[in-house]
1. Taking B:Gln493 as meeting all but one of (1) of a type in the set (S, T, N, Q); (2) assigned to a loop (DSSP other than H, G, I, E, B); (3) under 30 Å from B:Gln317 (Cβ atoms), write down the number of the exception.
2. Please go through segment B:209-245 and give me each residue that is out of contact with any Leu (no Cβ under 6 Å at 6 or more places or on another chain) and within 30 Å of B:Glu145 (Cβ to Cβ), ordered by number.
3. Which one of B:Thr111, B:Thr76, B:Thr64 is within 27 Å of B:Met484 (Cα to Cα), surrounded by 19 or more Cβ atoms within 10 Å (Cβ to Cβ), at pLDDT below 95 and hydroxyl-bearing (Ser, Thr, Tyr)?
4. Considering only residues that are assigned to a helix (DSSP H, G or I), surrounded by fewer than 15 Cβ atoms within 10 Å (Cβ to Cβ) and not aliphatic (A, V, I, L, M), look in segment A:72-99 and name the one that is nearest to the other protein chains (Cβ to nearest Cβ).
5. Among the residues of segment B:189-209 satisfying the criterion of being over 14 Å from B:Thr82 (Cα atoms) and assigned to a loop (DSSP other than H, G, I, E, B), which is modelled with the highest pLDDT?
6. Residue pairs, Cβ under 7 Å, 6 or more apart or interchain, first in segment B:64-75 and within 8 Å of chain A (Cβ to nearest Cβ) and within 12 Å of B:Arg150 (Cβ to Cβ), second in a loop (DSSP other than H, G, I, E, B) and hydrophobic (A, V, I, L, M, F, W, C). List them.
7. Taking the criterion of being touching a residue at least 40 places away in the same chain (Cβ under 8 Å), of a type in the set (Asp, Glu) and away from every other protein chain (no Cβ under 13 Å), would at least one residue in segment B:263-271 satisfy it?
8. Could you give me the residue pairs with C-beta distances under 8 Å whose first residue belongs to segment A:36-65 and is more than 7 Å from chain B (Cβ to nearest Cβ) and closer than 20 Å to B:Ile454 by Cβ, whose second residue is aliphatic (A, V, I, L, M) and crowded, with 16+ Cβ neighbours inside 10 Å wherever it lies, and which are 6+ apart or on separate chains?
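The values are calculated or read from the model by the stated rules, or taken from the named source; none is laboratory data. What you see is a predicted model, and the numbers here were worked out from it, not measured in a lab. So basically every Cβ, Gly included, is an ideal-geometry build from the backbone, and we count neighbours across all protein chains shown.
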Amino acid sequence: MSRYIFGRILGMIPILVIISILSFLFVHLTPGDPIRIMYGAEMDMATYEKVKANLGFHDPLYVQYGRYLQQILSGDFGVSYKTKTNVSDEIGKRFLYTLGLTFAAMFWALIIGLVVGIYSAARRKSIWDRIGIISTTTIISIPEFWFGLMLMQMFAVQLGWFPTSGSGTFAHLLLPSITLGFGVSAIIARFTRSSVLEVLQEDFVRTAKAKGQRESVIIWTHVLRNALIPVITMTGLQFGFLLGGAVVVEQVFAWPGLGSYLIDSVLARDYPAMQALILLFSVQFLIVNLLVDISYSLVNPQIRYE
Amino acid sequence: MRRRVSLLTVSFLMATAMLSACTSNSGQPPPTSGPAPGNAQQQEVPAKAVRNAELIVALEAEATSLDPWNSTDSNTLHILSTMFEGLLTLDENGEVVPILATDYKLSADATSLTFHLRKGIFFHDGSPFDAEVVKKNLDYVRNKENGMARASFFGFIKEVTVVDPYTITVTANEPNSAMVAYMAHPSASFKSLKELQKKIDDPKYNLDRNPVGTGPYQFLEWKNGQFVKVVAFDGYWDKEKPAKLAAILFKPVTEASTRVNMLKVGEVDIVTSLPTLDARTIGKDANLDVYSGPSLNMIYVGMNTKLDKYKDKRVRQAMNYAINKEQLISQVADGYGTAADSPLSPLVKGYAKQQGYPYNVDKAKQLLTEAGYPDGFAATLWTRNSTEFVAIAENIKMQLQAVGIKVEVQAYESGTIFERLDAGEGTDLYIGRWGTGTAEADWGMRPNFASDRIPPNYNNSGYYQNQQVDQLLNEALKATDNSMAQKKYIEAQKVIMDEAPWIFLYVPDVVIAKRKNVLDVGVTLDTVRLQAAYKQ
């Protein structure tokens, strides 16, 4: 197992190099001049050239990339053009907010998704199953932006139960995490349902039924262990997406996480921050994927990696 | 499950109700704006209100920098104005008044400006304010080696001379009657010499994050993405106007609906840049006040005068006649704006109402025919991709179609559109917004219409060149007496209006909202001033 993990981590290195090159190129080729955005419409050429030189833009792209690579290898992501603060520090502070939001969202998503999915599968073709399918389809198609504003309107403005936005307390976390978790819960519910249904067709389930075991026991002890494998993959992927920036939800609820940081950075063409965030999101994805693969063997010990 | 379904139903119903509430009024003139907060009658501040409260302000974006020389966005000015002061400032009526100076005098030939400084003023870090501080500050910002965003703004200065510890003279490169207004701009604020020295000693020292001024509030904390907090400064020099709040918290909230919701539930006390769509509903709330009034901004459609089709003045005039500005304002700004009758906002010193272009399709068609375009032509209109700008673009497209001009709207993110305009390739029509930060005519016209302000990196992106305009602007700047300068500015506005290098659209209103218990909030030329604000 440890050899497998080590191998996977080694395999990530070339991927990361490619990502770093691509992200560097994308960021530098994005239309929009960061200096012009920072300094407004009326700037003279002398100041412009001075700032350009200070930022190292006079060098050819490959030289700039080399410098960037050297910098990140020493663990430094540079200084933000916009905030003039260290990008690594900023990411460090914001990462916890996004991580908190993601975990809370996944918590809602898993609870709702698994319960609805398993229940729908167990009561296949019943009225509850149909309601489950219809409502999850509806939820998937609701824009997060609108859903978030509606939750805010109801629970914060009308009922006054929660703060509208911002961060700091557990109450601040509820509405954004529910907004974010809801869409994912629908995906998980549908995945769980079809996966459980598939396993219910297997021979060993029929055997168990023939032995006279209760259905609930069959589902909890036999079916889920097998049915959860694809669900874990799906959950992992969703987790990666969420962690990669819950952009819309963070904007709506003024949540100071990486999603809103990404938006601010892109609008300001803050190259160091943009590059660091893209790279970070890629690393997160790779790590989440690895963890997903490892977790298969925990759920079903018959799966082993050599 | 049932609860979820019912939640959805309720949400749908509420959304529908909200939408109908929002749209039912559009097209009508906006409700009369409340009294300008700055003009509110001075009430005696109740003793217990003194420094008892924290005021929370929602801004549409995070500050870019807390260094007055390194920020050019109006959003940041709301924060800076609580901490920094300059030698001069503008009062609610846009008149120049001294603050850190006791008086000032422009020389007879308009080449030098002498200030007598107020004594006994200390910065938040305890260091004194004197002529040396002013000189070091101005020398630093205008030195291009230091790469400050406002370097070009102070480019008019040739030399700063300390006459005595409390007298200083600013000499201009050439006669410049506008320099008084420049020195009254919020960018011309002064920071402690101690701080400046730290920056000089270590170029990496971050002045953007260490604001030390002389204002009634001093900097406490800036938490990225969350807030900037300033607190009352006990050593403030003007004992008659001390800070009345314990602290002010500025929160960036990019989503407009969220800002509005925060205000409704009382999580924030003031919202700047209120969406006009929400202004009506908020105005009806018994706990809230809406203030609206003209801004220093001008919304316009620029045209590339290098292109054959726009070389003929009649075509440019025809396009001005073809736009119904009132309809545009009512449809895209919910009535919160004033049709342009000059290249300048009425708030700008030197503004003079001109013969505008009343909506007249027949006249437009006639002019186009005379210019050889009886069937119109095809054009591309660049706009920023924000809702407001796209709405303007679509409206312009629709209106120009009526005179045969077929417009294709292309929306870009703002950074991209700047770059395209700077590159000067493929520019046809573009929607622009210019804010005359200094509130005087030179800054309102020179950057947009002077021959030497064509791209890259300047705002005359339509490549408009007119010797008469250049001459008038230069003469006005050199004019030593006010009435002569004024005459030249009026003439320049007349020529520009007649030449029509832009489609002059409208001056949008500043719309802010606050809770009723917040008093003495000032709006001086687009900047929300909180120095005197307090909560009841």
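1. Of everything listed in (1) of a type in the set (S, T, N, Q); (2) assigned to a loop (DSSP other than H, G, I, E, B); (3) under 30 Å from B:Gln317 (Cβ atoms), B:Gln493 misses just condition (2).
2. Within segment B:209-245, B:Arg209, B:Asn210, B:Val212, B:Gly213, B:Thr214, B:Gly215, B:Gln218, B:Phe219, B:Trp222, B:Asn224, B:Val228 meet the criteria.
3. After ruling out the rest, the residue left standing is B:Thr111.
4. Among them, the one singled out is A:Asp89.
5. B:Ser192
6. B:Thr72/B:Ala149
7. Taking every residue of segment B:263-271 in turn, at least one turns out to be touching a residue at least 40 places away in the same chain (Cβ under 8 Å), of a type in the set (Asp, Glu) and away from every other protein chain (no Cβ under 13 Å).
8. If the second residue must be aliphatic (A, V, I, L, M) and crowded, with 16+ Cβ neighbours inside 10 Å, the pairs left are A:Lys52/A:Ile35.
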